[in-house]
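Report on the following structure.
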Amino acid sequence: MKTDYQNKIISKLKKLREDNKCSQVELAKFIGMSFGQIGNIESFKQPHKYKLEHIYIICKKFNVNIVDIFSEGENLDTERLIQKIIEYER
């Protein structure tokens, strides 16, 4: 199962997708995966998660700084950002 932190990141990305009126199908086509996989990623019940490459592509698509996805309202220096990414990747 996904960790709480992974679910937080995925929830931010889902909200970003929805705020930009982008369907799971549209996002899946854009990042090169099936829309069913997007559904699995966005489900708390499934262990699937985005790869860092996907997060980067999503941030570029919606003009969001990737730091904003991994921060929780804090200013992250490079080292702390890397720690957050590692925490997500586990």
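Odds and ends about this structure:
- Per the conditions (1) of a type outside the set (S, T, N, Q); (2) at pLDDT 95 or above; (3) closer than 16 Å to Tyr5 by Cβ, the sole criterion not satisfied by Glu72 is (2).
- Given (1) surrounded by 13 or more Cβ atoms within 10 Å (Cβ to Cβ); (2) free of Cβ contacts under 8 Å to residues at least 12 places away in the same chain; (3) of a type in the set (D, E, K, R), number of the condition Asp77 does not satisfy: (1)
- Exactly one residue out of Lys2, Lys29, Lys21 is without any contact (Cβ under 8 Å) to a residue 12 or more places away in the chain and either of a type in the set (Val, Ile, Thr) or not in a helix (DSSP H, G or I) (or both): that is Lys21.
- Of all residues in region 38-66, those being part of a helix (DSSP H, G or I) and either touching a helix residue (DSSP H, G or I) at 6+ places or on another chain (Cβ under 7 Å) or open to solvent by 60 Å² or more (accessible area, probe 1.4 Å) (or both) number 15.
The values are calculated or read from the model by the stated rules, or taken from the named source; none is laboratory data. Just so it is clear, the model here is predicted, and its values are computed rather than measured. Counting neighbours? That spans all protein chains shown, and the Cβs are built from the backbone with ideal geometry, glycine included. These accessible areas exclude ligands, DNA and RNA; they are computed on the full protein's heavy atoms, side chains included. Shrake-Rupley method; radii C 1.70, N 1.55, O 1.52, S 1.80 Å.
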